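The values are calculated or read from the model by the stated rules, or taken from the named source; none is laboratory data. None of these values were measured; they are calculated from a predicted model. Neighbour counts run over all protein chains shown; Cβ positions are idealised from the backbone, glycine included. When the accessible area is computed, the model is the full protein with side chains, heavy atoms only, and any ligands, DNA or RNA have been set aside. Shrake-Rupley method; radii C 1.70, N 1.55, O 1.52, S 1.80 Å.
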Amino acid sequence: MVAAQQSNRKDSLEKVLSKETDLKERVKALCLLSYEFILTGEDQRSLDTAKAALKISEDLDFKEGMFDARVSMGDYYDAVGNYPTAISYYETALRLARAQKDQEGIAKALNNMGGTYREMGNYKQALENFLETQKLVEATGNRNAQASVYNNLGIVYYYLKDLNKSLEAFKTGIRIRKEQGDRRGMAATYGNIANIYTEMSMPDTALDYLVKARKVYEELGAKRNIAFSENAMGLIYMGKKNFTEALKHYNLALEMKQGFSDKQSDAITLSNIGSALDGLGKYEEGEKKYMEALAIFRETNATGYIKDAYWSISHHFQEKKDYKSAFEYMKSYTLLNDSIFSKESAEQLGKMQARYETERKESAIQLLTKEKEVNDLALTKQTQQKNFLIAGVILVLLLAGLLFSRYQLKNRSHKLLEDQNRIIAQKNKDITDSINYAKRIQDSMLPSLKAMQQALPGLFVLFKPKDIVSGDFYWYAENKGKVYIAAADCTGHGVPGAFMSMIGNDKLNHAVVEKQLSEPSEILFSLNHTVKEVLQQNQGETSANDGMDIALCAIDLKSKQLNFAGANRPLYIIRRGEIIELKPTKAAVGGHTSATQEFEEKSFVFETGDSIYLFSDGYADQFGGQGGKKLMTGKFKEILISLASRSPFEQQAALEDQFIEWKGELEQVDDVLVIGIKI
């Protein structure tokens with residue numbers, strides 16, 4: 001089973017080669033076969049096949065074949081960890097594609113080169129390549145190429161520690177892979193998503209994705225990828241402190257890669273084996289594995305991995321209580337890390353997207369200029385043919401003057417446009433910087449998830465702002481033996497909503513901490529009064545009408561009593577597959593609501609196994625699916641019921657997955673907040 005499908009694909013291509021007499025078609029088949037040999041670990045055959053394709057193409061001066069063969073050569077050298085040579089072949093392919101004005105070829109070369117830069121630890125250059133590729137493939141509409149670049153962007157954002165952006169890129173990519181029926185690509189993305197969930201401390205969800213990936217790879221016979229999956233499973237078991245199981249998976253990965261020429265991958269696994277041996281207290285064996293790995297990383301000039309190896313070895317020596325060696329390796333790690341992520345690099349990464357926008361505008365201006373020159377040249381030629389020589393000379397002079405005048409005008413317009421773009425870019429940067437600073441303030445006001453989960457171990461929070469800052473917020477407090485949880489949805493989103501969320505957070509704290517109110521109905525009464533007071537909403541038509549909808553509950557774990565009050569937002573309890581809805585008072589907090597408005601309180605006795613949900617309306621209001629319809633409350637309830645039996649981590653992951661899948665390529669319409677508590 002492991003090799004059956006892969007063997008079939010190779011056999012099929014070899015049959016084509018045995019029968020095909022058209023040399024150009026043979027080149028295409030050779031390039032495809034070279035990649036299949038990489039996947040099955042037959043590295044020398046991959047190289048020989050790519051060389052054969054390159055020779056035939058050069059003999060024929062077959063430009064398309066020369067491009068494909070050079071990419072195949074680059075793929076081979078990338079697979080065996082010879083990154084400088086891989087880059088050299090990709091650059092040659094890129095020059096060839098640019099000379100042929102082959103946009104898809106340019107995108108392919110940039111994308112593959114970006115992958116190699118990523119493996120070298122040069123994340124800045126990798127991101128630059130992938131963003132340029134993204135621009136090209138979106139223009140060509142090549143869905144397979146779009147899926148590939150989203151996957152690569154996800155990996156780079158992962159290394160840059162932007163996990164949310166990484167996960168979104170991966171899930172966009174996998175949706176396209178499903179559309180295209182690309183099982184190999186889906187499996188690769190499953191593995192990448194598993195890395196994200198591992199980083200998010202969701203190991204069981206990560207293992208689920210890895211099992212999916214490994215199953216597909218076994219069916220495809222992709223031995224190299226099976227090895228990667230085993231390695232990733234080992235990492236998860238390391239996180240669980242199950243060092244014996246981790247070592248088993250690492251050794252399986254190393255065994256699966258026997259006969260490959262992939263030194264880089266071997267070194268990663270050797271380093272991981274070192275970590276597992278350290279966990280088992282076998283320090284001498286572990287040290288040997290670390291040093292073998294470091295030697296290979298240095299040999300292949302893999303800067304990012306050298307840095308990681310220094311970190312691992314430093315911790316190894318700390319475990320051995322050899323603090324002098326630990327200090328030396330930590331110093332090496334710090335110096336190398338600083339060189340990779342310098343301040344200048346970070347600034348360049350941040351500005352990169354803006355630069356591409358400017359380039360697109362400049363490209364458009366250049367295209368218009370070229371079109372005009374072509375049209376003017378055609379007009380001049382036609383006029384010369386129709387008129388006498390002398391009249392033609394006069395006309396050419398007049399036309400030249402007109403062109404010069406227009407050229408000066410275009411130059412002035414172009415300069416004005418550039419100046420305006422610079423001003424706009426700077427203002428946008430200033431605004432974005434201010435909003436990002438506001439986000440830091442807003443984030444600091446949100447309660448600690450760690451503290452919330454200590455009080456309620458079954459709690460999760462899915463929080464997806466539409467913009468940088470959010471009008472939704474969650475709130476938590478403990479008082480008089482009760483735990484208070486709220487999910488609030490303020491008027492608007494973005495900056496206006498964020499201001500309201502800060503007011504709401506402050507006034508909830510005022511009601512519970514300062515005024516010592518304990519009943520949800522009393523707390524909402526106080527919140528409504530103080531919000532209206534702060535916003536001066538009792539002063540006639542000129543007063544602001546901003547407010548918020550909110551679901552608030554008090555949980556007494558000892559008596560298993562839940563008290564709830566809501567302002568336009570309900571609370572759901574799911575028990576044994578049935579949903580129980582505690583309905584809110586049909587009035588908002590603040591806005592047009594009277595300052596004397598009372599909020600009805602409801603009580604409920606919960607049981608072990610119940611799942612409690614508080615939420616804003618953002619999830620149910622999202623447009624998507626077939627026909628771009630609203631998800632609606634009914635569908636949202638069905639989703640919650642289907643997930644309620646799972647662990648909190650898995651519920652959060654599945655809710656996010658389904659939201660992203662439903663949304664598709666449509667814009668997120670509102671902030672999204674779902675709080676779940678599994679008793």
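Roughly what percent of Cα-Cα pairs across segment 485-629 reach past 19 Å?
55
For labels at Ser18 and Arg184 in the simple 7 Å Cα→Cβ model, what's the distance in nm?
That separation, rounded to one decimal, is 2.2 nm.
Straight-line reach from Lys532: which lysines have a Cα under 17 Å away, not including same-chain ones fewer than 8 places off?
Those lysines meeting the cut-off are Lys507.
Can you compute 3J(HN,Hα) from phi for each residue in segment 54-67, using the Karplus curve 6.51 cos²θ - 1.76 cosθ + 1.60 with θ = phi - 60°, rounded to whole Hz and x for Gly and Pro?
Whole-Hz 3J(HN,Hα) from phi for segment 54-67: 5, 5, 4, 4, 5, 4, 8, 6, 8, 5, 4, x, 4, 5.
Determine the relative contact order of segment 32-91: mean sequence separation of Cα pairs under 8 Å and six or more apart, normalised by residue count, in whole percent.
Reported as a whole number, the value is 29 percent.
Apply 1/(1 + (r/R0)^6) to the Cβ-Cβ distance of Arg575 and Met291, taking R0 = 56 Å, and write down the FRET efficiency to the nearest 0.05.
0.50
Which of the pairs Lys171/Lys320; Lys560/Lys630; Lys161/Lys240; Lys101/Lys663 have their Cα atoms more than 31 Å apart in this structure?
Beyond 31 Å between Cα atoms: Lys171/Lys320; Lys560/Lys630; Lys101/Lys663.
Can you put Leu23, Leu524, Leu254 in order of accessible area, largest first, using a 1.4 Å probe?
Leu23, Leu254, Leu524
Say each of Asn509 and Leu335 gets a label point 7 Å from the Cα, pointing the same way as Cα to Cβ; how far apart are those two points in nm?
Roughly 4.5 nm, to one decimal.
Please list the non-local residues whose amide H lies under 5 Å from the amide H of Gly458, H modeled 1.01 Å from N, same-chain partners needing a gap of 5 or more.
Amide H to amide H, under 5 Å and 5 or more residues apart or across chains, Gly458 pairs with Lys678.
Please state the equivalent ellipsoid semi-axes for segment 208-296: what are the square roots of 5 times the Cα gyration tensor eigenvalues, largest first, in whole Å?
They are 22, 16, 8 Å, listed from largest to smallest.
What does the accessible area of Val211 come to, in Å² to the nearest 10, when a probe of 1.4 Å is used?
Result for Val211: roughly 90 Å² accessible.
Probe radius 1.4 Å, ligands and nucleic acids left out: which of Trp662, Trp311 has the largest accessible area, and how do the rest follow?
Trp311, Trp662
Suppose we keep just the alpha-carbon trace of segment 116-250; what are its Rg and Dmax in angstrom?
Reported Rg and Dmax, both Å: 15.0, 50.
If you roll a 1.4 Å probe over segment 41-200 with all protein chains in place, what percent of the accessible area is carbon or sulfur?
On segment 41-200, the fraction of accessible area on carbon and sulfur atoms equals 44 percent.
In whole percent, and with a 1.4 Å probe on the protein chains, what portion of the accessible area of segment 512-666 is carbon and sulfur?
After summing per-atom areas, the C and S share lands at 48 percent.
For segment 60-170, just say rounded, prolate or oblate: build the C-alpha gyration tensor, square-root its eigenvalues into a ≥ b ≥ c, call rounded for a/c under 1.5, and beyond that prolate if a/b exceeds b/c, oblate if not.
Cα axes put segment 60-170 in the oblate bin.
Taking the full set of protein chains and a 1.4 angstrom probe, give the accessible area of Asp102 in square angstrom, rounded to the nearest 10.
Probe radius 1.4 Å; accessible area of Asp102 about 60 Å².
When the dipole is taken about the Cα centre of segment 511-657, and only Lys, Arg (+1) and Asp, Glu (-1) are charged at their Cβ, what size is it in debye, to the nearest 20?
Rounded to the nearest 20 debye, it is 400 debye.
On the principal axes of its Cα set, how long, how wide and how thick is segment 573-631? Give whole Å, largest value first.
So the three principal-axis extents are 45, 35, 11 Å.
Convert each backbone phi in segment 480-489 into a coupling constant with the Karplus relation 6.51 cos²θ - 1.76 cosθ + 1.60 (shift: θ = phi - 60°), then list the ³J(HN,Hα) values in order as whole Hz, x for Gly and Pro.
Once rounded to whole Hz, the list reads 6, x, 10, 10, 10, 10, 9, 10, 10, 10.
Provide Ile550, Ile155 ordered by accessible surface of protein heavy atoms (probe 1.4 Å), highest first.
Sorted by accessible area, descending: Ile155, Ile550.
Report the calculated FRET efficiency for Ile468 and Ser88 (r = Cβ-Cβ distance, R0 = 51 Å), to the nearest 0.05.
Rounded to the nearest 0.05, the efficiency is 0.80.
Over segment 32-103, with the other protein chains present, what is the accessible area per residue in square angstrom, probe 1.4 angstrom?
43
Please report the relative contact order for segment 1-115, taking Cα pairs under 8 Å with a sequence separation of at least 6, and give it as a percent rounded to a whole number.
The normalised contact order for segment 1-115 reaches 18 percent.
Relative to the present Cα-Cα distance, how much length would full extension add between Arg95 and Asp59 at 0.36 nm per residue of separation?
11.1 nm
Accessible surface of Phe130 in the full protein assembly, 1.4 angstrom probe, to the nearest 10 Å²?
0
Given a cut-off of under 8 Å on Cα pairs at least six residues apart, what relative contact order in percent is computed for segment 502-647?
Value for segment 502-647: 21 percent.
Under 5 Å between amide hydrogens, which residues at least 5 positions from Gly41 or on another chain qualify, with H placed 1.01 Å from N in the peptide plane?
Amide H to amide H, under 5 Å and 5 or more residues apart or across chains, Gly41 pairs with Arg224.
Quick one: of Lys63/Lys124; Lys241/Lys324; Lys178/Lys215; Lys450/Lys678, which pairs are farther than 19 Å apart, Cα to Cα?
From Lys63/Lys124; Lys241/Lys324; Lys178/Lys215; Lys450/Lys678, over 19 Å: Lys63/Lys124; Lys241/Lys324.
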